[in-house]
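*Asks:* Right, I'll just put the structure down here and ask away after.
The values are calculated or read from the model by the stated rules, or taken from the named source; none is laboratory data. All values reported here derive from a predicted model rather than from experimental measurement. As a convention, Cβ positions derive from the backbone with ideal geometry for all residues, glycine included, and neighbour counts pool all protein chains shown. Please note that ligands, DNA and RNA were not included when accessible areas were found on the heavy atoms of the full protein model with its side chains. Shrake-Rupley method; radii C 1.70, N 1.55, O 1.52, S 1.80 Å.
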Amino acid sequence: MDKKSLTETDIRTKFITPAILKSGWDKEDQIREEVYYTAGKVIVSGKTIKRGIPKKADYILYIKPSIPVAVIEAKDNKHVPGAGLQQALDYAEDLQLPFAFSSNGDYFVFHNKVTGEEKEISLGNFPSPSELWDQYKKFKGISKGEEEKLISSDYYFEPGWKEPRYYQKNAINNVIEAVAKGKKRIMVVMATGTGKTYTAFQIIWRLRQAGKVKRVLYLSDRNILVDDPKNKDFKPFSKVSTKVSKRKSDPSFEIYFAIYQGLSGEEERKNIYKNFSREFFDLVVVDECHRGSARDDSAWRDVLDYFNSSIQLGLTATPKETKDVSNMEYFGEPVYTYSLRQGIEDGFLAPYTVIKVAIDKDVHGYRPKKGEVDKYGNEIPDYVYTNREFDRTLVIDERTRVVAEKITEFLKSTDRMSKTIVFCVDIEHAERMRQALVNENKDLIKENSKYVMRITGDDKRGKAQLDNFMDSSKKYPTIVTTSKLLNTGVDVKNCRLIVLDSNINSMTEFKQIIGRGTRIDEDYKKYYFTIMDFRNSTNLFADKDFDGEPIQIKVFKQDTEIKLEDPKESKILEGERILVQPNAAYEEKGNKIKKYYVKEVEVKVINDQIYHLDASGKLITESLQDYTKQAINKEFRSLKDFIQKWNIIDQKRVLIEELEQQGLLLEPLREQVPKGKEMDPFDLILHVAYGQKPLTRRERAKKVAKDSYFNKYGEKARQVIEILLEKYADEGLEDLENPEVLKVNPLNKIGRPLEIMKIFGGAKGYKEMIKEVQGKLYK
């Protein structure tokens with residue numbers, strides 16, 4: 001047998017798999033082949049949304065379903081045996097595995113993290129499950145007996161139940177191992193939208209299955225944050241679980257859900273957690289632990305200190321670390337962290353576009369004239385008011401109207417039924433913003449008054465609609481204004497627009513707010529979202545403590561319509577605007593703050609600068625063209641290198657996709673370069689990176705159409721080529737390279753795709769023709 005002629009699949013089937021099986025591994029339970037463990041990064045390019053290449057391990061070996069131990073990368077026999085080892089080591093790093101192998105069917109190259117050595121082993125000497133299990137336990141520092149029993153516990157699984165993702169398995173296993181080694185205070189950090197509650201459920205299931213814990217307290221600070229897990233991810237515990245409510249404690253259950261306000265209070269009689277003995281709970285899980293448990297004097301800490309003999313697990317997307325408050329001081333360093341950046345890179349979280357809108361009064365400030373009074377007759381103190389004061393101590397109704405107008409303008413240019421959250425300074429501001437948005441959307445308000453709603457802590461009608469807002473299948477409410485209620489823990493998978501009209505100085509709060517949009521909702525085709533910033537809050541993207549770069553950042557100037565796609569026609573009904581008539585002072589949470597309401601004053605949108613973030617999440621200070629030039633020159637040393645790579649690759653869009661995955665911002669670049677939308681990516685890159693004079697797609701197509709080279713084809717074949725060139729001139733490479741174009745008008749009038757290909761001698765001849773056309777296009 002000539003191994004060199006075999007494919008990689010043949011090598012796996014004939015040599016690698018038999019070698020693994022011969023050493024004692026079970027094909028059904030311990031060997032998985034071609035394991036895709038990421039989803040592929042979502043890449044947004046104009047109107048096109050596509051996935052990057054997901055990570056795939058050729059083999060993952062398991063001691064049992066909960067314990068993966070090794071990854072194997074296979075190559076065909078034209079490669080040396082160790083050619084896949086670097087790749088295998090990358091996968092092992094992601095999956096937290098101590099053993100990595102590579103093979104081309106001749107022998108294995110084995111990298112052992114336990115000993116730190118690499119060695120060659122024959123196909124007949126592949127390690128057995130017991131050999132790797134013993135070394136795995138040594139690597140993890142796990143002793144026989146109770147520790148081994150604990151880490152060997154199984155996940156909950158039944159048909160239709162989702163399997164944990166790779167990072168969730170990492171988090172679960174790390175917590176289980178920490179408990180096995182006697183750790184009592186544990187923290188896991190996972191970005192919003194990555195399944196913290198599901199991860200917590202599996203941790204609890206495995207700890208209970210191993211007999212390590214029996215009674216569990218799941219603690220949070222909002223009803224929705226305990227009701228949602230109880231009814232969804234924790235449903236398998238329904239027979240043994242209860243929610244502590246109405247300050248009643250029933251010791252007959254095993255899993256308890258509670259908000260700390262329902263367990264404690266300023267009066268001793270309200271501290272019903274003391275109705276349980278100190279040793280009652282074996283495990284306390286604190287969800288969103290950044291919201292209070294880190295403070296020494298918080299009500300959370302009273303509860304945690306009371307049950308101090310229990311294992312305590314803190315879950316958060318944003319651990320709080322300040323000079324006054326520290327999650328890590330209480331829970332210790334996280335045993336596992338899965339960041340927003342990694343979630344976006346893996347394709348489990350949605351990337352985002354950022355639009356920055358600068359308003360003149362925010363930039364230049366507003367100073368009242370001497371003795372100026374507001375519309376309620378109150379004299380306005382002499383001061384230069386900026387967006388730090390707007391809507392907190394000074395209200396300019398026209399500014400609120402301009403913000404509402406810009407939000408509506410964006411939604412009209414994309415999709416007016418996009419679920420939207422508008423974060424405001426306080427409850428009173430949220431109500432004014434609601435009314436301003438009502439006035440900008442009278443046509444849709446006529447159809448359903450719930451199109452715009454305020455959902456804040458004081459409004460029962462709004463809060464009653466929260467479940468409908470979270471439900472992707474429900475159209476209404478569509479736009480929601482809020483202050484603090486929706487900035488954490490609320491799962492709105494189909495949220496497509498987040499508006500920041502509130503000053504955000506806390507990185508913790510900022511990350512939580514951004515997290516409202518990071519979930520992907522494939523059922524409703526939601527793969528990315530937009531952040532519209534009126535307060536420069538997105539400057540926090542440049543902070544070293546933030547991760548996850550935006551797709552783009554735009555700043556719009558006066559009289560510039562916000563458009564990311566072609567606008568859809570929509571009529572606004574004429575009529576008088578509703579006037580907001582709040583009191584001169586308002587009360588929120590018991591604190592009276594004096595507000596001044598400025599009489600009519602002109603407010604404009606200014607500034608036309610456009611910013612983008614680089615791959616590290618930092619603002620690009622140079623122009624987009626300079627940034628692109630540097631990026632392309634870093635990848636290709638010269639114009640000759642780029643052209644050579646372009647010509648070698650048959651599918652040109654593959655190279656473009658590679659560059660986009662590395663940070664090439666092709667669509668925004670088209671918008672900045674004159675006639676950029678009419679250029680092929682080839683010309684756009686040559687022009688920006690190497691200073692070459694560009695041609696439009698139509699100019700290139702015309703040159704090829706006149707080339708006598710294609711006279712060798714018959715009349716019908718030349719007709720097909722002419723139509724393809726016209727499609728290329730209109731739409732670009734995608735239509736030229738994609739055989740699906742043969743199904744659309746006018747090509748479908750010539751015949752079915754197979755019939756058209758037969759004109760060129762079949763599929764192979766058709767592909768050869770496309771290659772010839774491309775050769776002439778880029779000559």
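*Asks:* Roughly how many nanometres apart are two label points built 7 Å out from the Cα toward the Cβ at K22 and R367?
*Replies:* Going by the 7 Å Cα→Cβ label model, 8.8 nm.
*Asks:* So, in Å, what gap is there between the alpha-carbon centers of the range 13-51 and the range 95-113?
*Replies:* If you average the Cα positions of each part, the centres end up 15 Å apart.
*Asks:* Residue by residue, what Karplus-based ³J(HN,Hα) values in Hz, rounded to whole numbers, does the range 274-280 have, using 6.51, -1.76 and 1.60 with θ = phi - 60° and x for Gly and Pro?
*Replies:* My calculation for the range 274-280 gives 6, 6, 8, 5, 4, 9, 5 Hz in order.
*Asks:* On average, how much accessible surface per residue is there in the range 153-267, in Å², for a 1.4 Å probe, leaving out ligands, DNA and RNA?
*Replies:* 41
*Asks:* Computed FRET efficiency, Cβ-Cβ of D2 and E34, R0 35 Å: what is it to the nearest 0.05?
*Replies:* 0.90
*Asks:* Sort the following peptides by mean Cβ neighbour count (other Cβ atoms within 10 Å, averaged over residues), highest first: 154-162, 371-379, 462-470.
*Replies:* 462-470, 371-379, 154-162
*Asks:* Here is a further query. Determine how large the accessible area of I750 is when every protein chain is in place; take a 1.4 Å probe and give Å² rounded to the nearest 10.
*Replies:* Solvent-accessible area, nearest 10 Å²: 40 Å².
*Asks:* If you don't mind, there's one more thing I want to ask. Under the rule a/c < 1.5 gives rounded, and otherwise a/b versus b/c splits prolate from oblate, where does the range 145-193 land using the Cα gyration tensor?
*Replies:* Because a/c hits 1.5 or more and a/b fails to exceed b/c, the range 145-193 counts as oblate.
*Asks:* Could you rank L664, L639 by how accessible they are, 1.4 Å probe, largest area first?
*Replies:* Result, largest first: L639, L664.
*Asks:* Applying 1/(1 + (r/R0)^6) with R0 = 25 Å to the Cβ-Cβ distance of E715 and E755, what FRET efficiency is obtained, to the nearest 0.05?
*Replies:* Efficiency for this residue pair is about 0.95.
*Asks:* Over the Cα atoms of the range 47-106, Rg to Rh with Kirkwood Rh, two decimal places?
*Replies:* 1.09
*Asks:* Still on this structure: Which value, in Å², gives the accessible area per residue of the range 453-510 when a 1.4 Å probe is used on the protein heavy atoms?
*Replies:* 36
*Asks:* Residue by residue, what Karplus-based ³J(HN,Hα) values in Hz, rounded to whole numbers, does the range 451-464 have, using 6.51, -1.76 and 1.60 with θ = phi - 60° and x for Gly and Pro?
*Replies:* So the J values, rounded to whole Hz, are 4, 10, 9, 9, 10, 9, x, 9, 10, 5, 5, x, 4, 5.
*Asks:* For K446, list the aspartates and glutamates whose Cα falls under 20 Å from its own Cα; do not include residues on the same chain fewer than 8 positions away.
*Replies:* Excluding near neighbours in sequence, the set is E405, E409, D415, E431, E569, E574, E576.
*Asks:* I'd like to check one number: the per residue accessible area of the range 1-150, probe 1.4 Å, reported in Å² as a whole number.
*Replies:* 47
*Asks:* Roughly what % antiparallel, to the nearest 5, for the DSSP beta bridges in the chain?
*Replies:* Taking every DSSP beta bridge within the chain, about 40 percent pair in antiparallel fashion.
*Asks:* Placing one identical point scatterer on every Cα of the range 476-550 and ignoring solvent, what is log10 I(q)/I(0) from the Debye formula at q = 0.14 Å⁻¹?
*Replies:* With one equal scatterer per Cα and no solvent, log10 I(q)/I(0) is -0.44.
*Asks:* Rg/Rh for the range 610-768 to two decimals, with Rh computed the Kirkwood way over all alpha-carbon pairs.
*Replies:* 1.03
*Asks:* Kindly report, to the nearest 10 Å², the accessible surface of Y306 as traced by a 1.4 Å probe over protein heavy atoms only.
*Replies:* 30
*Asks:* Please work out the C-alpha center-to-center distance from the range 161-206 to the range 714-779 and express it in whole Å.
*Replies:* Cα centroid of the range 161-206 versus Cα centroid of the range 714-779: 52 Å apart.
*Asks:* Now a separate question. Modelling each spin label as a point 7 Å along the Cα-to-Cβ direction, I'd like the S277/R301 distance in nm, to one decimal.
*Replies:* 2.8
*Asks:* Sticking with this one: List the aspartates and glutamates whose Cα lies under 12 Å from the Cα of K239, skipping any in the same chain that are fewer than 8 positions away.
*Replies:* Output for K239: E254.
*Asks:* Could you order V673, V744 by accessible surface area, starting with the largest, using a probe radius of 1.4 Å?
*Replies:* Largest accessible area first, the list is V744, V673.
*Asks:* Using packing as a proxy for protection, rank 759-768, 434-443 so that the peptide with the highest average count of other Cβ atoms within 10 Å comes first.
*Replies:* Ranking, from highest mean packing down: 434-443, 759-768.
*Asks:* Where does the range 418-466 land on Rg(C-alpha)/(2.2 N^0.38 Å)?
*Replies:* 1.10
*Asks:* Between K645 and K604, how many nm apart are label points set 7 Å from Cα along the C-beta direction?
*Replies:* 4.5
*Asks:* Please list, in order, the residues from the range 658-695 whose amide nitrogen is less than 20 Å from a point placed 7 Å along the Cα→Cβ vector of V744.
*Replies:* In the range 658-695, the label zone of V744 (backbone N under 20 Å from the point 7 Å along Cα→Cβ) covers 667, 677-682.
*Asks:* Hey, how much of the P(r) for the range 67-219 falls beyond 27 Å, as a percent of Cα pairs?
*Replies:* Distances greater than 27 Å cover 34 percent of the Cα pairs.
*Asks:* Place the peptides 188-201, 410-423 in order of packing, highest mean first, counting for every residue the other Cβ atoms within 10 Å and averaging per peptide.
*Replies:* 188-201, 410-423
*Asks:* How big is D, in µm² s⁻¹, for the range 692-779 by Stokes-Einstein at 37 °C and 0.692 mPa s if Rh is the Kirkwood radius over C-alpha pairs?
*Replies:* 250
*Asks:* Quick check on my link table: of K183/K274; K50/K78; K196/K246; K706/K743; K525/K767; K214/K511, which ones sit more than 29 Å apart, alpha carbon to alpha carbon?
*Replies:* Long pairs (Cα-Cα over 29 Å): K50/K78; K525/K767; K214/K511.
*Asks:* Once you have the alpha carbon radius of gyration of the range 81-123, what is it after dividing by 2.2 N^0.38 Å, with N set to its residue count?
*Replies:* Relative to the rule-of-thumb radius for its length, the range 81-123 sits at 1.06.
*Asks:* Evaluate E = 1/(1 + (r/R0)^6) for T48 and Y376, where r is the Cβ-Cβ distance and R0 equals 60 Å; express this FRET efficiency to the nearest 0.05.
*Replies:* 0.70
*Asks:* List the pairs from K55/K119; K356/K634; K137/K169; K645/K764; K634/K703 whose alpha-carbon separation is above 21 Å, in the order I gave them.
*Replies:* Beyond 21 Å between Cα atoms: K55/K119; K356/K634; K645/K764; K634/K703.
*Asks:* Then there's this: Percent relative contact order of the chain, based on C-alpha pairs within less than 8 angstrom and at least six residues apart?
*Replies:* Here the relative contact order equals 10 percent.
*Asks:* Quote the relative contact order of the range 347-494 in percent (integer), defining contacts as alpha-carbon pairs under 8 Å separated by 6+ residues.
*Replies:* Normalised by residue count, the contact order of the range 347-494 is 20 percent.
*Asks:* What part of the accessible area of the chain, given as a whole %, is carbon or sulfur when the probe is 1.4 angstrom?
*Replies:* 46
*Asks:* Quote the convex hull volume per residue of the range 408-534, based on C-alpha atoms, as a whole number of Å³.
*Replies:* So the per-residue Cα hull volume is 99 Å³.
*Asks:* In addition: Report, ordered by chain and residue number, the aspartates and glutamates lying within cross-link reach of K4, taken as a straight Cα distance under 18 Å and ignoring same-chain residues fewer than 8 apart.
*Replies:* E73, D76, D106
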